[in-house]
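Working notes for the structure below.
The values are calculated or read from the model by the stated rules, or taken from the named source; none is laboratory data. It should be emphasised that the depicted structure is a prediction, and the values quoted were computed from it without experimental measurement. Ideal geometry is used to build each Cβ from the backbone, glycine not excepted, and the neighbour counts take in all protein chains shown. Please note that ligands, DNA and RNA were not included when accessible areas were found on the heavy atoms of the full protein model with its side chains. Shrake-Rupley method; radii C 1.70, N 1.55, O 1.52, S 1.80 Å.
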Amino acid sequence: MAEPSVRIPGIVLASLMFQHVNSDSDVEGFILGESKVEEQITISDSQADHIHIEEVYNIQKHVACHKLNGFYDSLGDVDVDAVRNILADNKQENVIGWYRQRRNTEQQMTLRERTVHEKLKSALSNPHVIFVLLTSGQGTASGSTHRMEYAAFISRSRRFINVPVLVNNLGVLEQLAYWKVSSACSAAGYNLTVKKHGSKFFSSNGLLREVNEVNKMNDCLQTELQKACGEVEESERLVETLQAEVSALRRRLRERRRSGAGKASDEDPPEQKNNLLLHEAVRALFACSPLFHTQTLTLEGFPVRDVRCGVEQDGDVSAAAAGLAQRRRSGTARPAASLQEELWETAAREEKRRKTSS
């Protein structure tokens, strides 16, 4: 059985990534290219020949859909007319697969994608349809670097296989790899023509002038890129340091608040309670004081003196208070709760005694 593999140029892969980064949501579309079967024969000393068959999918172009679920419905049924409208001028025969771009997900096909893939094979009449999945995520905690991953899948008997993807870049080649030396020519006219017009196209080192300019621009770009990478790395380290300092300050602030709350609860003064006994004694002793009663005022604004609280009664109350104090010292006084009643009883006895003596 042929081993499948996918080959995609670097510019096409970069275009897919650029489209994915600049879109606000997931993106899907079709992949155009060609598929072929390559047969490689390897001859070694151990065996006469070894035949290796490889099925290669060369991706050449991609066509994005204007919206998600544009060429299939909720059940995964493919609309052929919608496929033709999306392809526009591109031929349907050049479609070798489709792709989907997602964010912050695993590189696994979902159930809907598997259903759409199987029905797309029937709609295109192509059993060798591939599916390319691109996923992105944040590479660093600060979000300055992103990670893009890609994978290709193909189904064999409704079993999906992960196919290796090879990016066809130019690679690291020497500068002289693209320069071909012309064959020697001994004609005098040829040498004369080359010497006459060669200075317009070639420099002193034998390379084309455009190649030298491109090399200078490449060196300048590499220098600027390394400088920018150094600045980004330095800024990320500074951000990480500042985040660590902010976290430490927040932790210290929380601890200080907890300790301050504990000290405040320990240093709170005890709640002051009213001295009810003293309050009742004051009210009993100064029951006839004008400050504790509603006073009646004359037309001139002076208070009218209460007849019950005359000088004699004030003296009786003072005598009763003195007697109460003496009994309290001797320990025969009643509780302070009945202090007012005792004072009134004492005052009544003094009044009765005075009337009897008179």
Trypsin sites (Lys or Arg not before Pro) lying in DSSP loop within region 96-172, provided at most 12 other Cβ fall within 10 Å | R158
Rounded to the nearest 10 Å², the 1.4 Å probe accessible area of M148 is 40 Å²
Sequence-separation-based contact order of region 1-141, relative, with Cα cut under 8 Å and 6+ spacing, percent = 26 percent
Of K36/K61; K91/K121; K196/K216; K36/K121, pairs whose Cα-Cα distance is over 19 Å = K196/K216
Trypsin sites (Lys or Arg not before Pro) restricted to DSSP loop in region 3-93 with at most 10 other C-beta within 10 Å = K67, K91
